[in-house]
Every structure is written in C-alpha cells, then in structure tokens.
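Please read the structure below before turning to the comments.
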Amino acid sequence: MILTSSTLTIKLSQADCTRIASYGEVITLVRSFATEGDYVVVCAAFAPFGLCNTLTLSAQWAMYATQQQPAAGSVIQLQTALVQATPPGNTLTFTGSTFVSQGAAFAPDVFGFANSSPNLVQWGVAQAVSINNTPAATVPLVLASTPAKQTSYLQPLSEVKLFLASNVQAGLLLPAQVLQPVGSSSSTVGQKVPFTVGQYLAVDPSTNPTIYFDSPNNCFTPVPPSPA
C-alpha cells in the first residue's frame, strides 16, 4: 500500500561492487504509475555503499508544478518548482501561482491536479526517499501535463523498477521506451547517448523486499546467489 513507508534492501558481493564501479554505473530506481507517458523519471541513483544498501520510500508525498518542458536527458528541478505536501487521495487546484486544496480525489491512492490557470501546466508527484539511512530528500517521481481548466490524475503503483545505469541522477527524464524488463530479448535498446540503461527488475516495495545482483546477466534478481 502506497500510504506507508517501505524499504528495499539490496545485497551485493564485493565482486559485484567492483564490477558495477568498473562500468561507471549506479543503482537506479524508477517508480511505476498506472498511466505513463513518453518519459519516466529517475527517483534515485546511487553508487553502492558497502555490501548491504537500503533505499526507503517514505510516506511523505507531495505534488509540484513546474515550467520545465519534458525532454530526454533534462533534470526536473524541484528547487524552482512550486511544491505542496499532500498525501494520496487528494485533488489540488493550481491557480497559476499557488496550490489550493479542492478535496478528495476519486480514490485513496490517486493524486488529482485541477488546472484553473489559462495555460497548459507541467506537474507531477514527488516522494521523500532515503538512501542508506541518509536524511530523506523529496524527489520527483513522474511528470505529466494538464491543459487549462481541466483536471488530471496520477496513480502510483506499488511497483518500482530497479536497474543499473550510467550518467543518470535523481530527477532525470528517460525515454520510457529504453526501459526493458529482465529477460527481455533486447539488450541494446538501453544504449542511448548520453546514458546507458540496463534491464530492470520490477518489485513490490510494500513487501520490504531483499534484492540481489545477478552478476552473469548484469541485473538485479529476487533470488539469492548460490553458495560458491
């Protein structure tokens, strides 16, 4: 359930850490939504810190409005956006300069954005994320657009995609088409300048899963490695 915090534990061997570092890659996370457009947003990207790494998705949520336009490789800057803390299940009205509470959304796990301004507005949902017990930082999870005088909704799923990538950071917009699940027949679709994207493992964060690294296939797995 997205209303509660959850923690992913990522276990690696020393050889895994050495290999990931040699490729110049980082552990990367994208949150899944019921409806996704042309881009996905990286919500965490970090180099392994030791053999056991934790990534905590808190129960602190927010919505934001930004003047940034979607483009592959661009980074959403929440520092220059209008951000309003709000739990799932609410609809906020955006006036063009501020957020005003409108009331409940149609479902408890949905975020509603009512655009009362005369312009098309880019907006999204954000969440506080902590990596290896560091102070949680609010990061964007998704970017959408809503025409003037209309209302749009976003529904986070209880699913995250975990993969290796290079030249990425939190807030980065990736073309949705470069993400391929583990076991996909295509292993080159992720090779897009200026970033490299590996195949993802989809997991349910609400189960507080433990995840391992499949070194031969250079991807994450829910299955612990066999003893040497």
Item to complete: Output the number of residues of segment 115-174 satisfying the condition of being in contact with a Phe, Trp or Tyr (Cβ under 8 Å, 6 or more places away or on another chain) and hydroxyl-bearing (Ser, Thr, Tyr).
Response: 8
Worksheet item: Within the bounds of segment 19-26, is there any residue that is in a strand (DSSP E or B) and within 21 Å of the chain's Cα centre (by Cα)?
Response: yes
Discussion item. For segment 89-117, which positions are more than 19 Å from Ala34 (Cβ to Cβ) and either in contact with a helix residue (DSSP H, G or I) (Cβ under 9 Å, 6 or more places away or on another chain) or in a strand (DSSP E or B) (or both)?
Written reply: Thr93, Phe94, Phe99, Val100, Ser101, Gln102, Gly103, Asn115
Worksheet item: How many residues are surrounded by 21 or more Cβ atoms within 10 Å (Cβ to Cβ) and out of contact with any Lys or Arg (no Cβ under 9 Å at 6 or more places or on another chain) if we restrict to segment 153-169?
Response: 6
Response to the item:
Checked Ser116, Ser101 against criteria (over 25 Å from Ala44 (Cβ atoms), touching a Ser or Thr at 6+ places or on another chain (Cβ under 7 Å) and not β-branched (Val, Ile, Thr)); the one match is Ser116
Worksheet item: If you check Pro108, Pro48, Pro88, which single one turns out to be surrounded by 17 or more Cβ atoms within 10 Å (Cβ to Cβ) and more than 25 Å from Val178 (Cα to Cα)?
Response: Pro88
Worksheet item: Could you list, in sequence order, the residues of segment 44-59 that are of a type in the set (Gly, Ala, Ser), outside any loop (DSSP other than H, G, I, E, B) and in contact with a strand residue (DSSP E or B) (Cβ under 8 Å, 6 or more places away or on another chain)?
Response: Ala44, Ala45, Ser58
Discussion item. If I filter segment 118-152 down to residues being in contact with a Leu (Cβ under 7 Å, 6 or more places away or on another chain), in a strand (DSSP E or B) and of a type in the set (Gly, Ala, Ser), which single residue comes out as surrounded by the most Cβ atoms within 10 Å (Cβ to Cβ)?
Written reply: Ala126
Fill in: Criterion: closer than 23 Å to Pro87 by Cα, within 18 Å of the chain's Cα centre (by Cα) and hydroxyl-bearing (Ser, Thr, Tyr) - qualifying residue of Ser166, Ser152, Ser158
Ser158
Discussion item. If Gln180 satisfies all but one of (1) crowded, with 16+ Cβ neighbours inside 10 Å; (2) of a type outside the set (A, V, I, L, M, F, W, C); (3) touching a strand residue (DSSP E or B) at 6+ places or on another chain (Cβ under 6 Å), what's the number of the condition it fails?
Written reply: (3)
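No value in this document is a laboratory result; all are computed from the given coordinates. The structure presented is a predicted model; accordingly, all values stated were derived computationally and were not measured. Glycine also receives a Cβ, built like all others from the backbone with ideal geometry; neighbour counts cover every protein chain displayed.
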